[in-house]
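This report refers to the structure that appears directly beneath it.
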Amino acid sequence: MKSKQKDVSDMVYALSRLFRITLSHGNQFILVREEKEFIEHYLLLQSSRFRDKLTYEIDMDETILDFSIPKLIIQPFVENSIVHGMEANQSECFIKVTGRRLNDLIKAMPPR
């Protein structure tokens with residue numbers, strides 16, 4: 001940050017947040033808000049890697065952010081979307097991650 005390398009400092013911060021959330025004090029469950037943060041940082045790093053080829057949107061209802069879910073349950077779907085939807089054919093990729101509350105259940109739509 002001192003050397004005015006904002007992109008590098010953003011990536012280092014995102015990576016540090018990924019590590020912190022992954023460790024989560026040994027807990028197997030985290031809040032949806034933490035998983036959302038993990039995905040945001042993961043996609044920030046990936047969009048830096050793929051430059052202008054990767055865009056994304058994360059749309060989670062506020063009402064589900066304090067629910068507890070298994071750690072890293074959404075991220076593998078996002079990663080597979082990148083690997084199979086973009087790396088394989090080098091095309092542009094838009095990923096949208098959506099989470100909604102239906103009655104007392106959380107519904108996550110697979111990334112597109």
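Scanning the stretch 52-103 for residues that are among the basic types (Lys, Arg) and farther than 13 Å from residue 35 by Cα gives 53, 96, 100, 101. Taking each residue of the stretch 62-86 that is in contact (Cβ under 8 Å) with a residue 24 or more places away in the chain and looking for partners that are small (Gly, Ala, Ser) and surrounded by 12 or more Cβ atoms within 10 Å (Cβ to Cβ) with beta-carbon atoms closer than 7 Å, six or more apart or interchain, yields 64/99; 71/24; 74/108.
So residue 32 ticks every box in (1) at negative phi; (2) out of contact with any Gly (no Cβ under 9 Å at 6 or more places or on another chain) but one. Which box is left unticked? Checking residue 32 against (1) at negative phi; (2) out of contact with any Gly (no Cβ under 9 Å at 6 or more places or on another chain), the one that fails is (2). In the chain, counting only strands (runs of 3 or more DSSP E) that sit wholly within it, the ones holding 1 or more residues that are crowded, with 16+ Cβ neighbours inside 10 Å, at pLDDT 80 or above and in contact with a Leu (Cβ under 6 Å, 6 or more places away or on another chain) span 54-60, 93-102.
Let's see how each residue does on (1) within 23 Å of residue 21 (Cα to Cα); (2) out of contact with any Ser or Thr (no Cβ under 9 Å at 6 or more places or on another chain):
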{"position": "51", "(1), (2)": "no, yes"}
{"position": "58", "(1), (2)": "yes, no"}
{"position": "64", "(1), (2)": "yes, yes"}
{"position": "68", "(1), (2)": "yes, yes"}
{"position": "74", "(1), (2)": "yes, yes"}
{"position": "84", "(1), (2)": "no, yes"}
{"position": "91", "(1), (2)": "no, yes"}
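The values are calculated or read from the model by the stated rules, or taken from the named source; none is laboratory data. Just so you know, these numbers come straight off a predicted model, no measurement behind them. In this analysis, Cβ positions are derived from the backbone assuming ideal geometry, glycine residues included, and neighbour counts consider all displayed protein chains.
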